[in-house]
Amino acid sequence: MTKLGHQLTSVSALMGVTVEDAGGRTLGHVREFAVSPPVDANHVHGLVLRLTGAPRTDRLSIAAVSDLEMTSSGELRIGRQATLTPMPEEDSYLMLERDLLDQQIIDVHGHKVVRVNDVELVWEPAADAAVQAGPNGAGDASEEHGLSLRIAEVEVGLRGAVRRLLKGLPAATVERVSARFRTSVIPWDFVDLIDRDPARRVRLKIEQDRLAKMHPSDLADILEELAPAERQALFTSLDEGVAAEALEEVEPKMQKALTDSLDSERIAGIVEEMDPAAAADFLAELPEERSEAILGEMDPEERQDVEELLEFSGNSAAGEMTTDYISLGEAAVAGEAVDALREFGGDLETLTHVFLVDDQNVLRGVVPLVKVLLAQPGSALAGLSDGHIVSCDIHASGKKVAELFDKYNLRALPVVDAEKKLAGVIYAEQVIAQLRTNH
């Protein structure tokens with residue numbers, strides 16, 4: 001037997017490899033890799049063999065990895081005292097080739113959906129695995145024989161694809177050719193083996209804090225790339241705030257697909273976290289009965305804001321505006337504006353200005369947020385206001401709104417009614433989104 005160190009291999013390299021019995025005769029060939037997540041999610045429990053000469057109707061057999069040894073020529077040999085176990089009829093193992101290869105998973109770091117091409121494995125002495133497993137792990141750290149097969153990484157790059165394409169050629173040839181191609185891997189620690197969906201696809205483990213840190217546009221791109229089953233599983237796992245941000249970024253058809261299977265109460269919780277204008281646009285695309293059911297589950301204050309926006313055409317200033325903004329009285333000072341910022345319940349990242357209104361809510365001033373933050377707390381906001389106010393009527397067309405943003409290089413445009421009362425605000429990102437939709 002060879003002195004085994006830590007040797008790299010892979011699912012594609014081991015598939016079809018000969019396994020000998022203790023006498024050196026061919027016992028069978030590797031057909032699968034059985035993992036038992038409840039026992040050990042980081043190591044292959046056993047190699048699934050098709051025994052030589054056995055009818056294809058016979059069940060496959062499992063050879064425990066710890067019972068295997070490696071010959072000097074690279075073949076695997078089962079120990080004299082080892083016994084094979086028939087493959088159970090129930091679906092009790094996760095199979096690396098069947099359940100992982102060619103499946104879609106999410107690369108959190110790359111913000112994209114990828115396809116699994118291979119699984120990187122590491123041969124180790126069984127004693128190493130026992131030490132890694134700790135005092136409660138399987139095996140005996142004092143043993144010097146037998147092998148352990150650790151699952152290291154998931155290969156999602158070209159190298160794994162080339163390996164599989166060349167499967168059947170000598171291992172040295174396959175490695176020499178595949179080494180010319182770029183590798184791209186995801187650590188096995190990020191793959192969730194315990195919670196598998198009915199289609200037996202293995203999902204990438206994504207903690208909620210990782211999702212919350214992901215840009216909504218990246219998350220929306222991932223949702224659009226996933227197959228329907230994975231897309232739905234991911235979306236339903238999101239908390240309401242993250243789901244709302246992602247829903248704002250996808251097209252209406254995708255919004256409907258993502259929410260079709262959710263009940264009205266769950267959707268209402270998501271809609272309440274959305275920008276009111278985006279929420280109104282979303283509900284406007286739904287059948288009236290469905291939209292009314294969702295509105296009925298919303299908190300009264302959020303429902304009123306959205307219902308008011310639903311009355312307007314999506315191609316008008318009122319249809320594009322949001323009611324999430326900060327307005328203060330004409331006599332307000334910078335310290336009051338900062339307090340209002342701290343209490344603001346909407347998306348702080350969208351805010352660019354504070355708006356001043358009189359007792360009748362008539363627009364009187366527009367103050368850039370940067371001036372507010374640089375001013376002394378007692379400074380009057382009226383003195384910080386822009387020299388001129390650019391606004392538009394609630395019935396202004398989308399084209400007119402875009403022209404105003406372009407002409408005056410605006411970041412925010414207040415929308416007023418016939419009496420010049422402040423009705424809402426359009427931010428630059430909403431104009432960009434509207435232009436993207438129209439083109």
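Along the axis of the charge dipole computed for the chain (Cβ charges of +1 for Lys and Arg, -1 for Asp and Glu, origin at the Cα centre), the listed residues VAL174, ASN409, LEU84 are led at the positive end by VAL174.
For the pair ARG342 and SER237 in one chain, pulling the backbone fully straight at 0.36 nm per residue adds 34.9 nm over the alpha carbon distance.
Largest accessible area first, the listed residues ARG290, ARG180, ARG231 line up as ARG180, ARG290, ARG231 when surface is computed with a 1.4 Å probe on the assembled protein chains.
Solvent-accessible area assigned to carbon and sulfur over the chain amounts to 48 percent, based on a 1.4 Å probe. Modelled spin labels at GLU175 and ASP102, positioned 7 Å past Cα toward Cβ, are 2.7 nm from each other. On the beta carbon distance between MET70 and ARG31, with R0 = 22 Å, the FRET formula returns roughly 0.75. If you sort ARG176, ARG80 by accessible surface, 1.4 Å probe, largest first, the order is ARG80, ARG176. Computed from Cα positions, the angle between helix 228-237 and the longest principal axis of the chain comes to roughly 60 degrees.
Compared with the dominant Cα axis of the chain, that is its longest principal axis, helix 264-273 is turned about 60°.
Seen against the Cα atoms of the chain and their longest principal axis, helix 288-297 is set at about 90 degrees.
May I ask for the net charge around LEU76, where only other residues with Cβ less than 11 Å from the Cβ of LEU76 are counted and Lys, Arg are +1 while Asp, Glu are -1? Here the count lands on -4. With contributions of -39500 (n - 2.57) from each DSSP H run of at least four residues, the per-residue ellipticity at 222 nm computed over the chain stands at -10000 deg cm²/dmol.
For the range 1-61, rounded, prolate or oblate, judged on the Cα gyration tensor with a ≥ b ≥ c (square roots of eigenvalues), a/c < 1.5 rounded, else prolate if a/b > b/c? Oblate shape, in that a/c is at least 1.5 and b/c is the bigger or equal ratio. Considering only LEU101, PRO55, VAL306, the residue lying farthest towards the positive end of the dipole of the chain is PRO55, judged by Cα position with unit charges set on Cβ. Computed with a 1.4 Å probe over protein heavy atoms only, the accessible surface of the chain comes to 52 Å² per residue.
Between ARG115 and TYR408, the modelled labels are 5.1 nm apart [label points 7 Å from Cα along Cα→Cβ]. Note on ALA22 and LEU51: the model spin-label points, each 7 Å out from Cα along the C-beta direction, lie 1.6 nm apart. Taking each of LYS399/LYS420; LYS253/LYS399; LYS213/LYS421; LYS213/LYS371; LYS213/LYS399 in turn, the alpha-carbon distance tops 26 angstrom for LYS213/LYS421; LYS213/LYS371; LYS213/LYS399. Protection proxy ranking for 246-254, 220-228, using the average of other Cβ atoms within 10 Å per residue and placing the highest first: 246-254, 220-228. Labels on offer are (i) 23.9; (ii) 21.4; (iii) 29.2, and the one holding mean projected area of the Cα convex hull in nm² computed from this structure is (iii). The Cβ shell under 15 Å around GLY383 holds other residues with a net charge of -1, Lys and Arg each +1, Asp and Glu each -1.
The values are calculated or read from the model by the stated rules, or taken from the named source; none is laboratory data. Bear in mind the structure is a predicted one, so any value in this text is a computation, not a measurement. Using ideal geometry, Cβ is built from the backbone for each residue, glycine included, and neighbour counts are taken over all protein chains shown. Side chains are part of the model used for accessible areas, which takes the heavy atoms of the whole protein and leaves out ligands, DNA and RNA. Shrake-Rupley method; radii C 1.70, N 1.55, O 1.52, S 1.80 Å.
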